[in-house]
Amino acid sequence: MKKLILLLISVLSLSFAHLNAQTAGIPCANLFFSEYIEPASGHTGIKSVEIFNPSAASMNLNGYILKVFTNACAGNPSTFTFPNKVLNANDVYVISIKTGAMSSSDSTYMNSVRDTSWGSLTFNGNDALMLISPTNDTLDIFGVPCANPTGSWHFGTDSTENITLVRNATIHNGSKNWANAKFEWTSFPPNTINNLGSHSMVPCGAGSQPMLTFSPKAGNHNEAAGTISIDVTLINPNPQPVVAIVALKGGTATSGTDYTYSLTQVTFPISTAAFQTQNVTLSIVDDTTIESTETFQLVVDTVSGGAFVGTDSIYTGSIIDNDAPVIPVISFTTTSATCLENAGTFNLIVSITNPASTATTVDVNVTGGAATAGSDFTFNSPTTITFPANSTTNQTISIPVIDDALVEGTENIQFTLSNASNGASIGTIGMFSQNITDNDVAPSNVVYFFNVTSDTILENAGNIYASIHVVNPPTTAESVHISAKGTATYNTDYGFVTSNPINIPAGLSNYNVMINITDDASIEGDEIIELHLDNPSTGTIGFDSVMTILLKDNEGLGITATSIKEFTVYPNPVAHNGTIKLAQVPNEAVSFELVNLMGQKCVSIDLKHNSKANLNEYSVNEGMYFYVLKSLNGQVLKTGKLIVK
């Protein structure tokens, strides 16, 4: 509708065109702007200017100049000097700059019609263009150089921002008056580029002879559009009826499959109007096939009534596919399965529907379950599986089951699919649970073992507990002994609060043994307590019969800057192979570090009940250093300067 409005405006403005012909030079004698593309902000596209040679002879572009005036001439205009190139009669020269990613079809089209790329073609809707001849004459303008419009140049309901403009076919030369020239353009939606690379003009010598053309000569149509109308325009008054046949010419779309069209005759009655429009119809088939954009072409084939066919006698329509791509879907083939502990292996089976044309991958992760990897089964999580291109064959992972001797009941493993490639989605069965049934027979007699086999505690933990589990608890009170081993010293670092042997009441399946940890003042490092179950009064000792406790020394953690403020490092200066002494050393461990002026640590010594730091074992050059005293937990206690001579 916008284009029809502009065509009517153009008709009303023919007198302006005649005025321009008088002021801008002889019609069809010199170059002028024939197309202007300024893509929508935030959209991909390309800025372009098309220059048209309307004359009947070739022209050498050498010496012609294009100027771009930006921001109301805030700086010097950008200048493009045309190359030494011959532009044929009725041919165009396209200058452009890419502003974003383009579709492959648009990119291919632009590469075929573009003559040159110019990085300074950065105009927006409020900038102006000027075309200048080798004799420094202004041939054509777009906008008003050095003026500052509000937002953009406006005409009617349109503006020069975010738009494609094509010079009307009735215009034969450029203009120096934008007030008139702004009505000489037909507008198209942003990023419309299919008119670029050629221009249609009513021949200068045609006089008042009627001319048939498509208007516009191209268009995009959604596959769901159904029946569409395509306009055929007759330019100039016709003293007799004009009849034209519009035939199918070709294109990449398939007639009868992608669209249907029948040879159509259009008739224009006698009229004194400058423009008349008739239309032909074409029906687009809305199929379910996923396909790229396809084209059809119509041509004005036969004409009677004294009219001739213009240069825009072919219409190219693009059918835009509306079918969403079918994406691959990946799933487990079932939600759960069960196997015996001595099965050897079990299988994970994963399926795919709608396979892609390239390989598709998906990760299988263990996300839950009571079974333990490495103890009950073997699996690296995640494991990636691959479906070959176009393949619907299931993929199988064989997972080993570990047959241990523990009585542990049925345990399960939960697997989850994730991170699918090629845009694939996870289907309704995205999780799978494998149950492993224990094959070990529970003992009929009493069995004792530790519930937890390892722990780590600080020396100041106080009382801790070792939990003993009893399988088949007896009906009478029984006992079991705990042997104490390890690097920690019994009755010095720890001792039993609960009597040993341990008396376990009848029918009790869990019993906690209390152990007291001694918080001494000795700096002794970390130590190990090993507890061993043995000598049950009845029954047997189970698999987890040893509990290992790491006892961490807590000395050195209580030193503060206040408690060490009286410490002095001397002598200072000190010989590079001498001994540094501390005036005081607490009954706790500290560390001594020596750092050079570049921040590099040169000496690091742990001091435990030792007031000396020997430099003989280190390579320390003469100079000034910084020393740092720290507690064992890394707290800085004291810093200072030390000179080594």
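The values are calculated or read from the model by the stated rules, or taken from the named source; none is laboratory data. What you are looking at is a predicted structure, and each value in this text was computed from that prediction instead of being measured. With ideal geometry, Cβ positions are generated from the backbone for all residues, glycine too; neighbour counts draw on all protein chains shown.
Being part of a loop (DSSP other than H, G, I, E, B), in the same structural domain as Y315 (by TED's automatic domain parsing) and among the hydrophobic types (A, V, I, L, M, F, W, C): is that true of A244 here?
Against the criterion (part of a loop (DSSP other than H, G, I, E, B), in the same structural domain as Y315 (by TED's automatic domain parsing) and among the hydrophobic types (A, V, I, L, M, F, W, C)), A244 does not qualify.
Would you check which residues across region 340-376 are in a strand (DSSP E or B), hydrophobic (A, V, I, L, M, F, W, C) and under 25 Å from the mean Cα position of the chain (by Cα) and list them?
Once the filter is applied, which keeps residues that are in a strand (DSSP E or B), hydrophobic (A, V, I, L, M, F, W, C) and under 25 Å from the mean Cα position of the chain (by Cα), region 340-376 yields I352, V362, V364.
At pLDDT below 85 and surrounded by fewer than 13 Cβ atoms within 10 Å (Cβ to Cβ) - does that describe any residue in region 526-537?
The answer is yes, given that some residue of region 526-537 is at pLDDT below 85 and surrounded by fewer than 13 Cβ atoms within 10 Å (Cβ to Cβ).
Would you point out which residue out of G45, G25 is under 40 Å from the mean Cα position of the chain (by Cα) and at pLDDT below 90?
Just one listed residue meets the conditions, G45.
Please go through region 63-94 and give me each residue that is surrounded by 13 or more Cβ atoms within 10 Å (Cβ to Cβ) and either hydrophobic (A, V, I, L, M, F, W, C) or outside the structural domain of V113 (by TED's automatic domain parsing) (or both), ordered by number.
Answer for region 63-94, where residues must be surrounded by 13 or more Cβ atoms within 10 Å (Cβ to Cβ) and either hydrophobic (A, V, I, L, M, F, W, C) or outside the structural domain of V113 (by TED's automatic domain parsing) (or both): I65, L66, V68, F69, A72, C73, F80, F82, L87, V92, V94.
Identify all residues within region 44-55 that are in a loop (DSSP other than H, G, I, E, B) and either polar (S, T, N, Q) or in contact with a Gly (Cβ under 8 Å, 6 or more places away or on another chain) (or both); write none if there are none.
Listed by number, the residues that qualify are T44, G45, N53, S55.
With (1) farther than 30 Å from N220 by Cβ; (2) assigned to a strand (DSSP E or B); (3) among the aromatic types (F, W, Y) as the list, and Y315 as the residue in question, which single condition is left unmet?
Y315 satisfies every listed condition except (1).
Restrict the check to region 435-456 and report whether at least one residue is assigned to a loop (DSSP other than H, G, I, E, B), at pLDDT below 95, under 17 Å from L348 (Cα atoms) and polar (S, T, N, Q).
For region 435-456, residues assigned to a loop (DSSP other than H, G, I, E, B), at pLDDT below 95, under 17 Å from L348 (Cα atoms) and polar (S, T, N, Q): absent.
Only one of N148, N60 is surrounded by fewer than 18 Cβ atoms within 10 Å (Cβ to Cβ), touching a helix residue (DSSP H, G or I) at 6+ places or on another chain (Cβ under 8 Å) and either of a type outside the set (V, I, T) or modelled with pLDDT of 90 or more (or both); which?
Going through N148, N60 in turn, just one is surrounded by fewer than 18 Cβ atoms within 10 Å (Cβ to Cβ), touching a helix residue (DSSP H, G or I) at 6+ places or on another chain (Cβ under 8 Å) and either of a type outside the set (V, I, T) or modelled with pLDDT of 90 or more (or both): N148.
Please verify whether S120 is more than 23 Å from S187 (Cα to Cα), assigned to a loop (DSSP other than H, G, I, E, B), in contact with a helix residue (DSSP H, G or I) (Cβ under 9 Å, 6 or more places away or on another chain) and of a type outside the set (V, I, T), treating the condition exactly as stated.
Criteria not met by S120.
All but one of (1) in a strand (DSSP E or B); (2) more than 30 Å from the chain's Cα centre (by Cα); (3) of a type outside the set (A, V, I, L, M, F, W, C) hold for S96; state the number of the condition that does not hold.
(2)
Considering each of I517, I468, I528 in turn, give the residue that is in contact (Cβ under 8 Å) with a residue 60 or more places away in the chain and within 30 Å of V590 (Cβ to Cβ).
Every option except I517 fails the conditions.
Name the single residue that is farthest from the chain's Cα centre (by Cα) among those in region 323-339 being outside any strand (DSSP E or B) and surrounded by 14 or more Cβ atoms within 10 Å (Cβ to Cβ).
Filtering first and then ranking leaves T333.
Return the only residue of A224, A253, A273, A247 being small (G, A, S) and modelled with pLDDT under 90.
Answer to the check: A273.
Being assigned to a loop (DSSP other than H, G, I, E, B), modelled with pLDDT of 90 or more, assigned by TED's automatic domain parsing to the domain that holds T360 and of a type in the set (F, W, Y) narrows it down to one residue among F432, F379; which is it?
F379
Can you name every residue in region 562-579 that is at pLDDT 75 or above and among the polar types (S, T, N, Q)?
N572, T579
May I ask you to say which residue of L607, L582, L594 is surrounded by 15 or more Cβ atoms within 10 Å (Cβ to Cβ) and modelled with pLDDT of 80 or more?
Exactly one residue qualifies, and that residue is L594.
Considering only region 64-77, state which residues are part of a loop (DSSP other than H, G, I, E, B) and within 13 Å of L139 (Cα to Cα).
Y64
Can you give me the number of residues within region 234-247 that are surrounded by 19 or more Cβ atoms within 10 Å (Cβ to Cβ) and under 17 Å from L282 (Cα atoms)?
2
Given the residues A389, A420, A370, which is the only one that is among the aliphatic types (A, V, I, L, M) and surrounded by 15 or more Cβ atoms within 10 Å (Cβ to Cβ)?
Only one candidate qualifies: A420.
Find all pairs meeting these conditions: Cβ atoms under 7 angstrom apart; at least six residues apart or on different chains; first residue within region 537-554 and among the aromatic types (F, W, Y); second residue in a strand (DSSP E or B).
The qualifying pairs are F543/F449.
Which of the residues belonging to region 99-117 are assigned to a loop (DSSP other than H, G, I, E, B) and modelled with pLDDT of 85 or more?
Those that are assigned to a loop (DSSP other than H, G, I, E, B) and modelled with pLDDT of 85 or more: R114, D115.
Can you work out which of the residues in region 275-313 that are closer than 28 Å to G256 by Cβ and of a type in the set (G, A, S) is surrounded by the most Cβ atoms within 10 Å (Cβ to Cβ)?
S313
For region 172-201, which residues satisfy the criterion of being farther than 30 Å from S107 by Cα and either out of contact with any helix residue (DSSP H, G or I) (no Cβ under 9 Å at 6 or more places or on another chain) or not assigned by TED's automatic domain parsing to the domain that holds L139 (or both)?
Matches in region 172-201: W178 only.
Tell me, please, whether a residue that is farther than 26 Å from T378 by Cβ and more than 53 Å from the chain's Cα centre (by Cα) can be found in region 413-423.
The answer is no; no qualifying residue exists.
Which condition number does G250 fail, the rest of (1) touching a Lys or Arg at 6+ places or on another chain (Cβ under 9 Å); (2) surrounded by fewer than 14 Cβ atoms within 10 Å (Cβ to Cβ); (3) of a type in the set (G, A, S) being met?
Of (1) touching a Lys or Arg at 6+ places or on another chain (Cβ under 9 Å); (2) surrounded by fewer than 14 Cβ atoms within 10 Å (Cβ to Cβ); (3) of a type in the set (G, A, S), only one is false for G250: (1).
Can you pull out the residues in region 498-518 that are surrounded by 13 or more Cβ atoms within 10 Å (Cβ to Cβ) and part of a loop (DSSP other than H, G, I, E, B)?
T498, N500, P501, L508, T518
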